Amino acid sequence: MTVTVENVKPNEWVKLNPGLVGLYRTRYSSNMLDKLLPAIKDKTIPPRDRLGLENDLFALSRAGETSAVDVLKVVEAFSGEDNYTVWSDLHSNLSELAGMLQYTDFYDDFKAFGRKLFKPIAEKLGWDPKEGESHLDAMLRGLVMGRLGGYGEQSTVEVARKRFEVHANGSSQLPADLRSAVYRTVLSNGGEQEFETLLKLFRAADLHEEKERIMRSLGAVKDEHLIQKVLEFSLSDEIRSQDTPFVIGGTCGSKVGRELAWKFVQDKWSVLHDRYKGGFLLARLIKSTTESFVTDDKAKEIEAFFKENPAPAAERTIQQSLENIQLSKTWLQRDQDAIKKFLKG
């Protein structure tokens, strides 16, 4: 069936499914997307529709229905975005793409793209709360600074280090909504000293909320030796059994961490399975340590492991991880050359 929208001039845009009232994805031609870019930049399109537009694009690109380059062109238009909900969803989708691009030789170009995208909103928000801002602005500040730190934006890293230092020595307290961002930035751009300092803060913390914030940040370290220390720490007496999967999962944001975490799960399978075999935490653990690989070999390895070591309570999760690996592999093979050309251009 064809529906014709009347009285639309050649230079005008049309946004379908306004308000996302319909439960379907919308695919636009490249030409239509180009016409939507100014309306994204000046926020003529409402927040819910801006979110729906980028979310649809990522899903359709992953399914092979839309070019990943079209997705990135639209994402560029969000550099002036100021809505927390939109940024949160965009951040989640970009993180999934980043996990896949870690297996390419142009991941640094993607990080440069990310720095350019997040920098304007970071400069607008600043590091310190402004009078009259909402709690969503505070949440957005933590998200943005954390993302820029992960992308290695140098001025963000330097400020995070300074604020971490005075927080750690007790001179000045970090606001709670910035702590995870600062902790992860310092760890991902630091080494043994920063890791040990954060462990001291963990052990000195009275509130479990702060302990949880720290334990989930520890996996941001990049050094293999430190990643292994985090994994071993996850099974120590200092970590509650219900928190262990989240500590292990925290190491899976990098390619190296993902490999080490999956090996750790295999090596410690009897302990982990006996501990979680009847609950959702086993599924959570399997999901975080398996779903982000991108090769047939890894999919076969995971499938073979669980054939030999059945986990009935997590069977659906295992199948979903295998499907995600296949989707990521296909997406990468299909679009990586075009993405590389776009990012380097």
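The values are calculated or read from the model by the stated rules, or taken from the named source; none is laboratory data. Here the structure is a predicted model, which means the values were calculated and not measured. Neighbour counts run over all protein chains shown; Cβ positions are idealised from the backbone, glycine included. Ligands, DNA and RNA are stripped out before the accessible areas are found, and what is left, the full protein with its side chains, is counted by its heavy atoms. Shrake-Rupley method; radii C 1.70, N 1.55, O 1.52, S 1.80 Å.
What is the packing order of peptides 88-97, 201-210, 3-12, taking the mean over residues of other C-beta atoms within 10 Å and listing the highest first?
Highest-to-lowest ranking by the protection proxy: 88-97, 201-210, 3-12.
Calculated FRET efficiency, Lys43 and Asp296, Cβ-Cβ r, R0 35 Å, to nearest 0.05? Mind showing how you got there, number by number?
On the way: r = 43 Å, r/R0 = 1.23.
The value I calculate is 0.20.
Which helices, counted as full DSSP H runs in the chain, have an axial Cα extent of no less than 24 Å and a Kyte-Doolittle average of 1.0 or above?
Counting only whole DSSP H runs, no helix qualifies.
Between Arg334 and Tyr107, what is 0.36 nm times their sequence separation minus the Cα-Cα distance? Round to one decimal in nm.
That pair, Arg334 and Tyr107, stretches by 80.1 nm at full extension.
Counting only helical runs of four or more DSSP H residues, what would the 222 nm mean residue ellipticity of the chain come to if each run contributes -39,500 (n - 2.57) and the total is spread over all its residues?
-21500 deg cm²/dmol
Give me the mean projected area, in nm² to one decimal, of the convex hull enclosing the Cα positions of segment 224-317.
Mean orientational projected area (segment 224-317, Cα hull): 5.6 nm².
Name the residue, out of Phe58, Phe280, Phe110, whose mean-square fluctuation peaks in a Gaussian network model built on the chain with Cα pairs under 10 Å.
Maximum among the listed residues: Phe280.
First compute the accessible area of the chain with a 1.4 Å probe, then give the percent of it belonging to carbon and sulfur atoms.
Here carbon and sulfur together make up 50 percent of the probe-accessible area.
Please find the FRET efficiency linking Ser172 to Glu210, where r is the Cβ-Cβ separation and R0 is fixed at 25 Å, and quote it to the nearest 0.05. Walk me through the intermediate numbers first.
On the way: r = 16 Å, r/R0 = 0.63.
For Ser172 and Glu210, the calculated efficiency is 0.95.
Using Cα pairs closer than 8 Å and at least 6 residues apart in sequence, work out the relative contact order for segment 65-219, in percent. Please report the intermediate quantities before stating the final value.
Numbers: 120 pairs, mean separation 28.6, N = 155.
This gives 18 percent for segment 65-219.
Within 10 Å, count the other beta carbons around each residue, average over each peptide in 261-267, 213-219, and list them highest first.
Ranking, from highest mean packing down: 213-219, 261-267.
Please list Leu37, Leu101 from largest to smallest accessible area, probe radius 1.4 Å, with all protein chains kept in place.
If we order Leu37, Leu101 from most to least accessible, we get Leu37, Leu101.
Suppose each label sits 7 Å from its Cα in the direction of the beta carbon; what would the Lys307-Glu76 distance come out to in nanometres?
For Lys307 paired with Glu76, the spin-label model returns 4.6 nm.
Using the structure shown, select from Lys111/Lys200; Lys130/Lys162; Lys229/Lys287 the pairs with a Cα to Cα distance greater than 26 angstrom.
Result: Lys111/Lys200 exceed 26 Å.
Output the peptides 120-129, 64-73 sorted from most to least packed, where packing is the average of other Cβ atoms within 10 Å over each peptide's residues.
The densest-packed peptide leads the list: 64-73, 120-129.
State whether segment 103-200 is rounded, prolate or oblate according to the following rule on the C-alpha gyration tensor (a ≥ b ≥ c being the square roots of its eigenvalues): a/c under 1.5 gives rounded; otherwise a/b larger than b/c gives prolate, and the remaining case gives oblate. If you can, show how the numbers build up before the last one.
Numbers: a/c = 2.32, a/b = 1.09, b/c = 2.14.
Here segment 103-200 falls in the oblate category.
Please label the shape of the chain as rounded, prolate or oblate, based on the square roots a ≥ b ≥ c of the eigenvalues of the alpha-carbon gyration tensor (a/c under 1.5 means rounded; beyond that, a/b larger than b/c means prolate, else oblate).
Here the chain falls in the oblate category.
If you count only protein heavy atoms with a 1.4 Å probe, what accessible area per residue comes out for segment 1-56, rounded to a whole Å²?
Result: 69 Å² per residue.
Shape call for segment 17-102 from the C-alpha gyration tensor, a ≥ b ≥ c root eigenvalues: rounded (a/c under 1.5), prolate (a/b greater than b/c) or oblate?
Judged from the Cα gyration tensor, segment 17-102 comes out rounded (a/c under 1.5).
May I ask you to give the average projected area over all directions of the convex hull of the Cα atoms of segment 168-244, in nm² rounded to one decimal? Could the numbers behind the result be given before it?
Numbers: hull surface 19.6 nm².
Average projection, Cα convex hull of segment 168-244: 4.9 nm².
In nm², what is the average projected area of the convex hull enclosing the Cα atoms of segment 147-199?
3.3
How big is the equivalent ellipsoid of segment 199-265 along its three axes, where each semi-axis is √(5λ) from the Cα gyration tensor, reported in whole Å from largest to smallest?
20, 12, 10
Ignoring ligands, DNA and RNA, what accessible area per residue does segment 182-266 give at 1.4 Å, in Å²?
For segment 182-266, the solvent-accessible area averages 42 Å² per residue.
What accessible area per residue comes out for segment 102-157, rounded to a whole number of Å², with a 1.4 Å probe?
Values: 2600 Å² over 56 residues.
Roughly 46 Å² per residue, with all protein chains present.
Mean separation of Cα pairs under 8 Å and 6+ residues apart, divided by the residue count of segment 1-143: what relative contact order is that in percent? Could you put the intermediate results ahead of the total?
Numbers: 98 pairs, mean separation 29.6, N = 143.
The value is 21 percent.
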